[in-house]
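What follows is a set of notes on a single structure, which appears directly below.
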Amino acid sequence: MFQVDVFSFATAVMALLLAGGLLIAYAINRSLTAFGWWAGAFVLLALWLATSTMRLPMPAVWIKWLSWSSFYAAACLVAYGLHKEGYTRASPVSRMVTSGILLVVIATGLTILNAPPPYWLLLGPVPVLVFMTWSTVLVFRAGAWGYGLTLIAGIGAVAIRSLFHPGGLARVLNPPPPPALRGGYEAGSTPGEAIALQPRPPINGLIDFAPPPGLRPPVEHPLIITLFTVVALLALAVALVLRHVLAELNRMRERSTTDAMTGLLNRAAFEEAAAARLRETRTRPACVILLDIDHFKRINDTSGHAAGDRVISRLGLLLRQASLPHAIAGRIGGEEFAVILSASDLAAARLYAEAVRAGLSAADFDAGISWKVTVSAGIAMHQPGESLLGLMDRADRALYAAKATGRDRVVVAGDLAEAGHWHTRQTNRTATA
């Protein structure tokens, strides 16, 4: 027959319920890797609570071993879950083994010396504090300041409870004097008459859930530490869930606004961003560049769509690499791209377009593309009061002029008349010949 404190038993049941909730969350979303390890930590905390206040009719050292080993193992699973989730880079296995050896050494010494209960209450916190302090150094070296501050707060909480608990280290090193005995008698009784003490009722059954005897039951220490642990774990779990939710929302937003092949904005997102940029830069120059891959149908028909996809991806990469601080680039069609440069004049826009054109012309694609792949570009500078649609229309006409005058070139909207005259002369020469 043994006694288990009703409060620690209830907290152990709560820990098991939390473990079940974490396992359900992990089953629903397998990307929450830490939740599986934290579920195991809650199970170990439940085991610790169930055994830390257990009272048997005879001394049982193995209960203390099992109890504090469960507490230390729970701390290790929390740290390992954080490592698997990506919060910490260095694996905690070496720290877990080293601090576990420390736990075994302390527990062996306490067993050999037949140490009193206050010393056993310090068995679990000491290896855990060593493990957490060691982890804090590595975390701060990795630059994870938020997690490091959390570890420092946990170290302080466990250390304070271990030192100043009624059975903690401070009381062990400096025990208080025994209370003075005072005599007295009950009202209506004769002085010197013995006072009948109320005996504790006997244990009914195999397990008694009444609090263990004593002025201050030793359940306070494990419950407080468990409260800190549970609150910290739940806070980490909530933060982890929020991080995953925000990351998923960000991925959904990117999928709705980003072209998957090039990483640039899609047409709708580009037009929205470009219109907003024009509204912001009314008093500063802004230019739009439209680009189109030359003879793209020939690439698809001769070398296949996979080769065409490689060309599109390469042009998208060139646009990102040549990107200026105030540039917004997007893929607005199959092989058509657009860039808006705010705070840039025609000279800067031409340099940008020429860099992209030269980069694609120098690219080597192999795999069936035996000719030089080129791109044509048209540029237009924003005029006061002009809409984005009008600006892109003028850039599109400049692009058409670049295509008509031989491709693999950049034409500015202001040069349209000259380009048109050149195209007319070429047409007349061809007809005369």
What about Phe365, is it at pLDDT 90 or above and in contact with a Ser or Thr (Cβ under 9 Å, 6 or more places away or on another chain)? no
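Each row is one residue, and each column tells you yes or no for (1) farther than 14 Å from Pro127 by Cβ; (2) at pLDDT 75 or above; (3) of a type in the set (Val, Ile, Thr).
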| site | (1), (2), (3) |
| --- | --- |
| Ser52 | yes, no, no |
| Ala75 | no, yes, no |
| His83 | yes, yes, no |
| Thr88 | yes, no, yes |
Name the residues in segment 277-301 that are out of contact with any Ser or Thr (no Cβ under 9 Å at 6 or more places or on another chain) and surrounded by fewer than 19 Cβ atoms within 10 Å (Cβ to Cβ), would you? Arg279, Arg282, Thr283, Phe296, Lys297, Arg298, Asn300, Asp301
Can you tell me how many residues within segment 346-380 are open to solvent by less than 60 Å² (accessible area, probe 1.4 Å) and on the phi > 0 side of the Ramachandran plot? 1
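Which of the residues spanning segment 322-373 are of a type in the set (Phe, Trp, Tyr) and part of a helix (DSSP H, G or I)? Lay out the reasoning, then the answer.
Step one: list which residues in segment 322-373 are of a type in the set (Phe, Trp, Tyr), which gives 337, 352, 365, 371.
Once the filter is applied, which keeps residues that are of a type in the set (Phe, Trp, Tyr) and part of a helix (DSSP H, G or I), segment 322-373 yields only Tyr352.
Search segment 284-312 for residues being within 41 Å of the chain's Cα centre (by Cα) and part of a loop (DSSP other than H, G, I, E, B), and hand back the single one that is modelled with the lowest pLDDT. Spell out the reasoning first.
Applying the first criterion (within 41 Å of the chain's Cα centre (by Cα)) to segment 284-312 yields 284-293, 304-312.
Restricting the remaining residues to those that are part of a loop (DSSP other than H, G, I, E, B) gives 284-285, 304.
Numbers: Arg284: 79, Pro285: 85, Gly304: 84.
Taking the candidates together, the pick is Arg284.
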When (1) at pLDDT below 75; (2) small (Gly, Ala, Ser); (3) within 30 Å of Ala60 (Cα to Cα); (4) open to solvent by 20 Å² or more (accessible area, probe 1.4 Å) are applied to Gly109, the one that fails is (1)
So which pairs qualify, if the first residue must be in segment 296-314 and of a type in the set (Ser, Thr, Tyr), the second must be surrounded by fewer than 17 Cβ atoms within 10 Å (Cβ to Cβ) and in a loop (DSSP other than H, G, I, E, B), the Cβ gap must be under 6 Å, and the two must be at least 6 apart or on different chains? Ser303/Gly368; Ser313/Met261
Answer yes if at least one residue in segment 33-43 is over 25 Å from the mean Cα position of the chain (by Cα) and either at pLDDT 80 or above or within 26 Å of Tyr119 (Cβ to Cβ) (or both), and no otherwise. no
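The values are calculated or read from the model by the stated rules, or taken from the named source; none is laboratory data. Everything numeric here is computed off the predicted structure, so don't read it as measured data. Counting neighbours? That spans all protein chains shown, and the Cβs are built from the backbone with ideal geometry, glycine included. SASA here: full protein model, heavy atoms, side chains in, ligands and nucleic acids out. Shrake-Rupley method; radii C 1.70, N 1.55, O 1.52, S 1.80 Å.
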